[in-house]
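Chemist: Mind having a look at this structure? Questions to follow.
The values are calculated or read from the model by the stated rules, or taken from the named source; none is laboratory data. In this text the structure is predicted, and so the values were computed from the model without any measurement. Don't worry about glycine lacking a Cβ; one is built from the backbone with ideal geometry, like all the others, and counts go over all protein chains shown. For the accessible areas, the whole protein counts, side chains as well, though only heavy atoms, and no ligand, DNA or RNA atoms are used. Shrake-Rupley method; radii C 1.70, N 1.55, O 1.52, S 1.80 Å.
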Amino acid sequence: MFIGYFTERPYQDFDSGWVGSTGREIEDLGMTNGDYNPRIGADLYNRYLDEKVYAEEMGFDGLMLNEHHSTPFCMGGVMNVEAAILARITKRAKIVLLGNVLPIWEDPLWLAEELAEIDMISRGRLVTGWVRGTGRESVAHNSQAPFNWERFQEAHDFVVKAWSTPGPFRWEGEHYQYRYVNPWARPYQEPHPQIWIPGVMSRNTVAWCAEQRYPYIMLATELEPTKKSFEYYDEVAKEQGYEAGTQHHGYLFKVHVDETEELAEEAGRKYIAGPANPFLEGNQGQVRANLQNLPGLTSRTSLLPTVSTFAAAARGRSLVPTGAEVEAPNSDAQDQADFLGTYEEQSKKYSIISGTPKTVIPKIRHVLETLRPGSIFFWDGDGAMTHEDSMRSLRLFGEEVIPAVREMGKELDLKGPFEVDTQTNEPMEA
Amino acid sequence: MTTQTETHSETTVQVAGGSVRVLQDGAGEPVVVLHHSTGNPGWIPFYEQLAAGHAVSVPDLPGYGQSERPAWARSTRDMAILVRRTIEALGLGSVHLVGLGFGGWVAAELASMSDHDLTSLTLIGAAGIQPEEGEIADVIFYEFEEYVKLGFSSDQAYAEVFGDEAAPELKELWDFSREMTARLTWKPWMFNRQLPHLLSETQVRTLLLWGEEDRVTPIGVAQAYEAALPNATLQVLPGLGHLLELEAADTAAAAVAAHIAGG
C-alpha cells in the first residue's frame with residue numbers, strides 16, 4: 001500500500017473577508033490579485049514545504065502536490081518549483097504531482113525538461129501525473145477549450161516520447177510542432193517516471209487511463225461513484241486483455257487526526273470554513289458554471305441532436321419551439337466534487353474524516369474495504385487549518401495511523417504501484 | 001434533398017465532405033444571410049420579410065445547427081471558404097450577402113477574398129476587426145443565456161422574443177453553437193488582425209448596420225470597417241441592440257431591403 005500526504009496549499013488571509021460570513025461578495029475568477037499579499041504568500045509557501053518535510057519524517061511514502069491557476073484555494077500555480085525544492089530537501093518520499101495541466105502548456109518540451117530535472121535532483125523519486133484542468137485553468141492560460149482533450153493526449157504522447165526515445169527527432173503534430181527534440185536532460189528513472197492520472201468522473205479519461213494501464217487516482221469523490229469509476233476502469237482493462245488490480249486504483253480523501261475529539265471537530269470544520277476554497281459549502285463564493293463548463297471542454301456530438309425548427313414567422317414574434325424538449329446541458333462533474341455539503345453531511349458520508357486515531361482508523365478501514373485502493377492520499381491541513389493543526393495531525397499520523405493502515409493494507413492485500421507493476425502486473429523489487 | 005415546411009423549404013448541399021443545411025424561401029434576387037455565433041434559431045420574421053421580395057437562403061454554418069462539423073476547421077477564414085462553396089453549390093450566382101454578428105465577420109472574410117460575385121454586402125453588428133476602444137463581448141465570461149440577453153437593448157426586449165426564460169431547445173442550440181465558435185476564434189477573440197488590410201481592395205457596396213445600444217460589438221468595430229472598406233456606409237439604428245434583426249425585424253429588414261435596392 002502506498003500512503004501519501006496532500007494539502008491543496010490554500011492562500012490564507014484572515015483579513016481578506018473571504019473567510020466565513022463577512023458579507024464580502026466572492027465570485028469565481030472575480031477576485032482581484034490586488035488583494036494578494038506576497039508576505040503572506042512567502043510564509044505559506046515555506047510553511048507548506050516544512051510540513052511536507054515533516055510528513056516524510058512521519059513515514060508518508062509520497063508527498064502529493066497539485067496545480068490550479070488564478071484561484072486562492074491552491075497556491076500551486078507553478079507546482080514544479082515546489083516539486084524541485086522538495087526534490088532537494090527531502091530524502092526518501094516520492095514526489096507525486098497530480099498533476100500538471102497538460103493542455104495549457106504551449107511548449108510541453110519545456111515540461112518534459114522540468115520533470116526530468118526534478119526526477120534527477122530527487123534521484124528518481126518523481127511520480128508524474130497529468131490532468132486536463134478545470135475551466136479556470138483554460139481561461140487563466142487562455143487555452144482553446146474545444147481542443148483540451150486532443151491537446152492532453154498529444155502532449156502526453158509527446159512527453160513520453162521525448163523521455164524515452166533518443167533524439168533528435170522531429171514532431172509535427174496537430175497541436176504541437178518541433179523541428180528538433182533532443183532535451184539535454186533525461187529522467188533518472190528508466191524509461192521514465194511512473195505516470196498516475198488523477199481525476200473525478202470523466203468516463204473518457206478513465207477509459208484512456210485504463211488503456212494506458214496507468215493508476216487512476218480519484219480525487220475526493222464520494223464512495224459509491226468512486227467505486228463505480230473503478231469498476232468502469234476494470235471493465236475497460238478486461239477489454240484491453242488484462243486484469244486491473246489494486247495497483248491501478250488510487251484514492252484521495254480528507255482525513256485529519258487530532259489529540260482529542262473536540263480538537264478534531266474544531267479542525268475538521270476548518271476544511272470547509274476557511275479561505276482554502278471560497279466556493280465550498282460554508283463559505284460565500286459563487287462558482288460560475290460557465291467558466292467551469294467552457295464551450296467544448298466536454299465535447300458534445302458533432303451534430304446538434306435535435307432539429308431546431310421554430311414556427312416563429314407564422315405565429316408572431318415569439319420564438320416557440322415545435323420540436324421535442326431536450327435536457328439542459330449538465331454542468332461539469334469536476335465542479336460537483338467541490339459541493340459535498342455541510343461538515344455534518346460530509347462527515348456522515350466519509351467525505352471528511354476527522355477524529356482521534358481511535359475513531360479515525362476504523363473509518364479509514366471502511367474506505368479501504370469499500371474501494372480497495374492500492375494507493376491512498378490523506379488530504380489534510382486545508383481550509384482554515386493552521387500550521388499547528390497540521391503538525392499535530394502529521395505527528396499522530398506517524399505515531400498511530402500510518403502503522404495501523406499499513407497493517408490493514410497487508411491484511412486486505414492492497415498493493416500499490418510500487419509493489420506491483422501496473423504495466424505487467426508483475427511484483428516489483430522493493 | 002429539399003423539404004417544404006409551413007413557412008420555408010429546407011435543402012441540404014454537400015461541401016468539403018460535409019452536409020450543409022439551408023433554409024430558403026421567396027423569389028427574386030438571391031440574398032444569403034449568415035447567422036450569429038449563437039446559431040440560427042429558425043425561420044425568423046426578419047428572413048420572412050426579406051423573402052417578400054427576394055430569394056432568401058440561410059445556411060446553418062458548417063458545424064452549427066444541422067450542418068455537419070468540419071472538425072479540421074480552425075478559423076473564420078476556413079468558414080468563409082465553406083460558405084463561398086455553399087453558395088456555389090446552391091447555384092445562386094451573384095448574391096446580396098448579409099452577415100449577422102459573427103456571421104458578419106464570415107461575410108467580411110468572404111468579401112475580402114474576392115467580391116466579383118457579391119452584388120451587395122450588409123454587415124450587421126459584425127465582429128472581425130479590433131475596435132480602437134472597448135472589446136467585443138466574450139461569451140466565455142457569460143452564461144450563454146446571459147450572453148444572448150446582452151444582444152438586446154434591454155432584458156424586456158429579450159423577453160419579448162424569447163420569453164422570460166428561453167426554451168430548452170434554444171438553450172441547447174446556443175450552448176452547442178458556442179462550442180463551434182470556440183473552435184474558430186479564441187485568441188484573439190472575435191477578430192482578425194489581417195482583415196482590415198485585406199478589405200482595402202473590396203469594392204462591393206456595403207451597408208454597416210449597427211444598433212445604437214449594441215453591447216456585444218462596439219461601434220468602434222463599425223468605424224474600423226468604414227475606414228477599411230472603400231465603399232461602405234454606416235447606418236446606426238437608435239434604441240436597438242446587437243440582435244437588432246430579432247428586436248426589430250421590420251426596421252432591420254427595411255434597412256437591408258433599401259440597401260439591396262439602392263444599387
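Chemist: Which residues, taken from region A:196-213, are surrounded by 22 or more Cβ atoms within 10 Å (Cβ to Cβ) and either at pLDDT 95 or above or part of a loop (DSSP other than H, G, I, E, B) (or both)?
Modeler: A:196, A:197, A:200, A:209, A:210
Chemist: Here's a follow-up. Among the numbered conditions (1) more than 9 Å from every other protein chain (Cβ to nearest Cβ); (2) of a type outside the set (Gly, Ala, Ser); (3) open to solvent by 10 Å² or more (accessible area, probe 1.4 Å); (4) more than 24 Å from residue B:113 (Cβ to Cβ), tell me where residue B:66 comes up short.
Modeler: For residue B:66, the failing item is (1).
Chemist: Is it the case that region B:38-46 has a residue that's touching a Pro at 6+ places or on another chain (Cβ under 7 Å) and within 14 Å of chain A (Cβ to nearest Cβ)? Walk me through it before giving the result.
Modeler: Looking only at region B:38-46, we keep the residues that are touching a Pro at 6+ places or on another chain (Cβ under 7 Å), and these are none.
Scanning region B:38-46 turns up no residue that is touching a Pro at 6+ places or on another chain (Cβ under 7 Å) and within 14 Å of chain A (Cβ to nearest Cβ).
Chemist: With the checklist (1) open to solvent by less than 10 Å² (accessible area, probe 1.4 Å); (2) under 17 Å from residue B:102 (Cβ atoms); (3) within 7 Å of another protein chain (Cβ to nearest Cβ) in hand, flag the one item residue B:161 doesn't pass.
Modeler: So residue B:161 meets the others, but not (2).
Chemist: Let me ask something else about it. Of everything in region B:9-37, what is part of a loop (DSSP other than H, G, I, E, B) and buried (at least 22 other Cβ atoms within 10 Å of the Cβ)? Give them in sequence order. Show your work before the answer.
Modeler: Taking region B:9-37 as the starting set, the residues that turn out to be part of a loop (DSSP other than H, G, I, E, B) are B:16-17, B:26-28, B:35-37.
Scanning region B:9-37 gives B:35, B:36, B:37.
Chemist: Give the number of residues within region B:88-147 that are within 22 Å of residue B:255 (Cα to Cα), within 14 Å of another protein chain (Cβ to nearest Cβ) and surrounded by fewer than 17 Cβ atoms within 10 Å (Cβ to Cβ).
Modeler: Residues meeting the conditions: 0.
So that you can scan it fast, the table gives a plain yes or no per residue for (1) open to solvent by 20 Å² or more (accessible area, probe 1.4 Å); (2) outside any loop (DSSP other than H, G, I, E, B); (3) modelled with pLDDT of 95 or more:
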residue	(1), (2), (3)
A:12	no, no, no
A:15	yes, no, no
A:21	yes, no, no
A:29	yes, no, no
A:55	no, yes, yes
A:64	no, yes, yes
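Chemist: Looking at region B:72-95 only, could you name the residues that are assigned to a helix (DSSP H, G or I) and without any contact (Cβ under 8 Å) to a residue 24 or more places away in the chain?
Modeler: Filtering region B:72-95 down to residues assigned to a helix (DSSP H, G or I) leaves B:76-89.
Within region B:72-95, B:88 is the sole residue that qualifies.
Chemist: Same structure again: Given (1) under 16 Å from residue B:217 (Cβ atoms); (2) under 19 Å from the mean Cα position of the chain (by Cα), identify the lone condition not met by residue B:179.
Modeler: (1)
Chemist: Of all helices (runs of 4 or more DSSP H) completely enclosed by region A:314-397, which ones contain at least 2 residues that are open to solvent by 10 Å² or more (accessible area, probe 1.4 Å) and modelled with pLDDT under 95? Spell out the reasoning first.
Modeler: Working: elements: A:333-336, A:343-348, A:357-371, A:387-396.
Answer list for region A:314-397: A:333-336, A:343-348.
Chemist: Next question. Among residues belonging to region B:182-213 that are more than 16 Å from the chain's Cα centre (by Cα) and within 15 Å of residue B:151 (Cα to Cα), point out the one that is nearest to the other protein chains (Cβ to nearest Cβ).
Modeler: Step by step, filter region B:182-213, then rank; the result is B:213.
Chemist: Sticking with this one: Return the residues of region A:81-111 that are surrounded by fewer than 23 Cβ atoms within 10 Å (Cβ to Cβ) and of a type in the set (S, T, N, Q); say none if nothing qualifies.
Modeler: Of everything in region A:81-111, just one residue is surrounded by fewer than 23 Cβ atoms within 10 Å (Cβ to Cβ) and of a type in the set (S, T, N, Q), namely A:90.
Chemist: Name the residues in region A:51-77 that are hydrophobic (A, V, I, L, M, F, W, C) and farther than 16 Å from residue A:126 by Cα, would you?
Modeler: Taking region A:51-77 as the starting set, the residues that turn out to be hydrophobic (A, V, I, L, M, F, W, C) are A:53, A:55, A:58, A:60, A:63-65, A:73-75.
A:55, A:58, A:73, A:74, A:75, listed by residue number.
Chemist: Could you tell me whether any residue of region B:175-182 is part of a loop (DSSP other than H, G, I, E, B), in contact (Cβ under 8 Å) with a residue 60 or more places away in the chain and either among the hydroxyl-bearing types (Ser, Thr, Tyr) or out of contact with any Phe, Trp or Tyr (no Cβ under 9 Å at 6 or more places or on another chain) (or both)?
Modeler: Applying the first criterion (part of a loop (DSSP other than H, G, I, E, B)) to region B:175-182 yields none.
No, the conditions are met nowhere in region B:175-182.
Chemist: Related question: Here is a list of conditions, (1) surrounded by fewer than 24 Cβ atoms within 10 Å (Cβ to Cβ); (2) modelled with pLDDT under 95, and residue A:169 meets all of them except one; can you say which number that is?
Modeler: Just one mismatch for residue A:169, condition (2).
Chemist: Identify, by number, the condition in (1) free of Cβ contacts under 8 Å to residues at least 12 places away in the same chain; (2) closer than 21 Å to residue A:56 by Cα that residue A:128 doesn't meet.
Modeler: Condition (1) is where residue A:128 drops out.
Chemist: Are any residues in region A:102-147 β-branched (Val, Ile, Thr) and part of a helix (DSSP H, G or I), and if so, which ones? Please lay out each step first, then the result.
Modeler: Just the residues of region A:102-147 that are β-branched (Val, Ile, Thr), to begin with: A:104, A:118, A:121, A:127-128, A:131, A:134, A:139.
The answer is A:104, A:118, A:121, A:139.
Chemist: Can you go through B:226, B:172 and tell me which one is without any contact (Cβ under 8 Å) to a residue 40 or more places away in the chain, assigned to a helix (DSSP H, G or I) and buried (at least 21 other Cβ atoms within 10 Å of the Cβ)? Don't jump to the end; show me each part of the working.
Modeler: Values: B:226 fails: buried (at least 21 other Cβ atoms within 10 Å of the Cβ).
Going through B:226, B:172 in turn, just one is without any contact (Cβ under 8 Å) to a residue 40 or more places away in the chain, assigned to a helix (DSSP H, G or I) and buried (at least 21 other Cβ atoms within 10 Å of the Cβ): B:172.
Chemist: How many residues are under 18 Å from the mean Cα position of the chain (by Cα) and open to solvent by less than 10 Å² (accessible area, probe 1.4 Å) if we restrict to region A:226-240?
Modeler: Here is the first cut: in region A:226-240, the ones under 18 Å from the mean Cα position of the chain (by Cα) are A:226-227, A:229-230, A:233.
Then drop every residue that is not open to solvent by less than 10 Å² (accessible area, probe 1.4 Å), which leaves A:226, A:230, A:233.
Going through region A:226-240 one residue at a time, the tally reaches 3.
Chemist: Moving on. Checking the structure you have, find out if any residue of region B:15-30 is touching a Gly at 6+ places or on another chain (Cβ under 6 Å) and more than 9 Å from every other protein chain (Cβ to nearest Cβ).
Modeler: Taking region B:15-30 and keeping what is touching a Gly at 6+ places or on another chain (Cβ under 6 Å), we get B:28.
Now narrow it down to the ones that are more than 9 Å from every other protein chain (Cβ to nearest Cβ): B:28.
Yes, some residue in region B:15-30 is touching a Gly at 6+ places or on another chain (Cβ under 6 Å) and more than 9 Å from every other protein chain (Cβ to nearest Cβ).
Chemist: In region A:241-266, what residues are in a helix (DSSP H, G or I) and buried (at least 17 other Cβ atoms within 10 Å of the Cβ)? Give the steps one after another, and end with the answer.
Modeler: Here is the first cut: in region A:241-266, the residues in a helix (DSSP H, G or I) are A:246-248, A:261-266.
A:246, A:247, A:248, A:263, A:264, listed by residue number.
Chemist: For residue A:155, state whether it is open to solvent by less than 40 Å² (accessible area, probe 1.4 Å), away from every other protein chain (no Cβ under 14 Å) and in contact with an Asp or Glu (Cβ under 9 Å, 6 or more places away or on another chain).
Modeler: no
Chemist: Right, next: Would you mind finding the one in B:221, B:216 that is touching a residue at least 40 places away in the same chain (Cβ under 8 Å), open to solvent by less than 10 Å² (accessible area, probe 1.4 Å), more than 13 Å from chain A (Cβ to nearest Cβ) and assigned to a loop (DSSP other than H, G, I, E, B)? Before you say what the answer is, go through the steps one by one.
Modeler: Working: B:221 fails: assigned to a loop (DSSP other than H, G, I, E, B).
That would be B:216, the only listed residue that is touching a residue at least 40 places away in the same chain (Cβ under 8 Å), open to solvent by less than 10 Å² (accessible area, probe 1.4 Å), more than 13 Å from chain A (Cβ to nearest Cβ) and assigned to a loop (DSSP other than H, G, I, E, B).
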